[in-house]
1. If you go through the range 189-203 one residue at a time, do you hit one that is modelled with pLDDT of 75 or more and of a type outside the set (A, V, I, L, M)?
2. Does the range 286-312 hold any residues that are surrounded by fewer than 16 Cβ atoms within 10 Å (Cβ to Cβ), over 28 Å from Ile199 (Cα atoms) and over 30 Å from the mean Cα position of the chain (by Cα), and which are they?
3. Taking interchain pairs and intrachain pairs at least six residues apart, which have beta carbon atoms under 7 angstrom, with the first residue in the range 471-484 and surrounded by fewer than 20 Cβ atoms within 10 Å (Cβ to Cβ) and the second at pLDDT 80 or above?
4. Looking at (1) over 23 Å from Tyr504 (Cα atoms); (2) at pLDDT 95 or above; (3) surrounded by fewer than 18 Cβ atoms within 10 Å (Cβ to Cβ), find the lone condition where His391 falls short.
5. Based on what the data block shows, is Gln258 assigned by TED's automatic domain parsing to the domain that holds Thr345, more than 25 Å from Gly355 (Cα to Cα) and assigned to a helix (DSSP H, G or I)?
6. Check the range 159-172 and report whether any residue there is among the charged types (D, E, K, R), at pLDDT 75 or above, surrounded by 13 or more Cβ atoms within 10 Å (Cβ to Cβ) and within 23 Å of Leu404 (Cα to Cα).
7. Identify all residues within the range 32-66 that are at pLDDT below 80, farther than 17 Å from Thr118 by Cβ and of a type in the set (Gly, Ala, Ser); write none if there are none.
8. Confirm whether Ala29 is buried (at least 16 other Cβ atoms within 10 Å of the Cβ) and at pLDDT 75 or above.
Amino acid sequence: MDSPFATEILQSINSGLLVINDEQKIVFANRWFLEAIDHLAIDIDGTEVTLHFPYFKKQRLQSALTSAIKFGVSSLISHSIHRNIFPLRNRKGVIIDHTVFIRSLHWEEASYAIIQLTDVTSSIKREHSLHKAQQEAVQASQAKEEFLATMSHELRTPLTTIIGSSEILLEKEQSPDERELIKAIETAGRGQLFLINDILDMSKIESGKFTIHKSSFDLSHLLKEIQRMLSVRAIDNGIELIIEQPNAEKYLLIGDGQRVGQILINLLGNAIKFTEQGSVSLCTEVVGDQLTFRVEDSGIGMTQETMDKLFQRFEQADQSISRRFGGTGLGLFISRNLAELMGGTIEVSSQMGVGSSFLLTLPYSPSNYSIQQEKEPHNSASVLRDQFSGHVLIAEDTPELQLLQRRILERLGITVTTAANGREAVEQATAQPFDLILMDMQMPVMSGIEATQTLRSEGIPVPIVALTANVMAKHREAFESAGCDDFLAKPIDRQELMRVLKKYLKSL
């Protein structure tokens, strides 16, 4: 081992190396090993190798060295039956965990064994730290999800009363001034609802739990609904809202119509908000295998710097824009992510003082189902012209929401009974027949989940529809697993409510 070149190679290796002769004594120890055990070379050269490995059975180590020197057999030494790691203690009492690998070496007609030691203490600590960090991240994610679920529930509950009561008041004869005030209340409530939905969507996107649900949808119907929803806002801003569809579809399209609508509402809503005069337009077009939606406005426009950060979370043009027009800066971040999840893109161009143009491009996927010509979509007032027969049990612990739901259903000709918690709902549903149960989730005494499970276990076949402010995916899954037949979110969407009533009750 007197070659300087060979010695330097052994010294530079980033692990412990010992060269053992056929008498099983140390003839070389590299710097790494000496530092690990806090010894000098003079202290161990020529010493019995087993003296430096007290944690090994002497015969096991000797046998492995003999096999390497005489027969060229390599081996990974085990400290115990189930462990390939052993502790190495230095003179200061510090223990470092190592793995030990023994192999043969032939040098100048002599045979040796090389013991290679790899420090696993650092890697174990890194793995432990990583595992701990992963656990903390999971716990933080769960805490965040629980917080968002609670926040959503607590905000949706009063919004259900605000929006629902406003709709009922608007259906009655009111003076123009009164209608304007009521409409302002409803608009403010829906604005808060959009914000809650944006926050939940952002959370799902960040956690990778957001999914796109493909089904067939009528593009023309979707565009008419969007125009109906936003036309009042445009009129209030003193501008014109134009929606054009030159490519009138003969067939239903395949995609997530709800999310397409969400993106368009966001783009058009922003355009209306930032346009003080002129117009906002949406035009659709099919280009090859792509369906495009171009939203243009004659608003304030944007600089290139603003466009560069436009689709980031919580980003807006500048603080003055935020103070003047409001908003959170979440809508475009969510819209771009939704577009990409559907295999599409959103591009923007703008000129200060002239206006902006957003181009949404999505895959064009027509189905084989032709579009049935439908009547104009109902508005909230015309919905109530439909009448039903049936007896509905409402399980709801909030008195204001009990009253609101009762008013909505009784105006449709439905007989209503209420229960203030899950136990009351079970008692009433087992005592008399109902045609439908609307079941809240969070209630005192017994939750809606427990009540549904109890009714199903007792063989009560009445249709149960969850009507709840707990709208996250896990809540829907919990209700479905418990035995619910359908799901309605709060605040109550009149179109969805009508869908459920038509499905489970008799129309008159």
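The values are calculated or read from the model by the stated rules, or taken from the named source; none is laboratory data. Please read these numbers as outputs of a predicted model, since none were measured by experiment. Here the Cβ positions follow ideal geometry from the backbone for every residue, glycine too, while neighbour counts run over all protein chains shown.
1. yes
2. Val286, Val287, Gly288
3. Matching pairs, first to second residue: Arg476/Phe487; Ala478/Ile449; Gly483/Thr452; Gly483/Gln453; Gly483/Arg456; Gly483/Ile464.
4. (1)
5. Details: assigned by TED's automatic domain parsing to the domain that holds Thr345: yes; more than 25 Å from Gly355 (Cα to Cα): yes; assigned to a helix (DSSP H, G or I): yes.
The answer is yes for Gln258.
6. Step one: list which residues in the range 159-172 are among the charged types (D, E, K, R), which gives 167, 171-172.
Right, trim to at pLDDT 75 or above and you get 167, 171-172.
Subsequent filtering for residues that are surrounded by 13 or more Cβ atoms within 10 Å (Cβ to Cβ) retains 167, 171.
Within this subset, residues satisfying the condition of being within 23 Å of Leu404 (Cα to Cα) are 167, 171.
Yes, there is a match, as at least one residue in the range 159-172 is among the charged types (D, E, K, R), at pLDDT 75 or above, surrounded by 13 or more Cβ atoms within 10 Å (Cβ to Cβ) and within 23 Å of Leu404 (Cα to Cα).
7. Across the range 32-66, the qualifying residue is only Ala41.
8. Working: buried (at least 16 other Cβ atoms within 10 Å of the Cβ): yes; at pLDDT 75 or above: yes.
Yes; evaluated as a whole, the condition is true for this residue.
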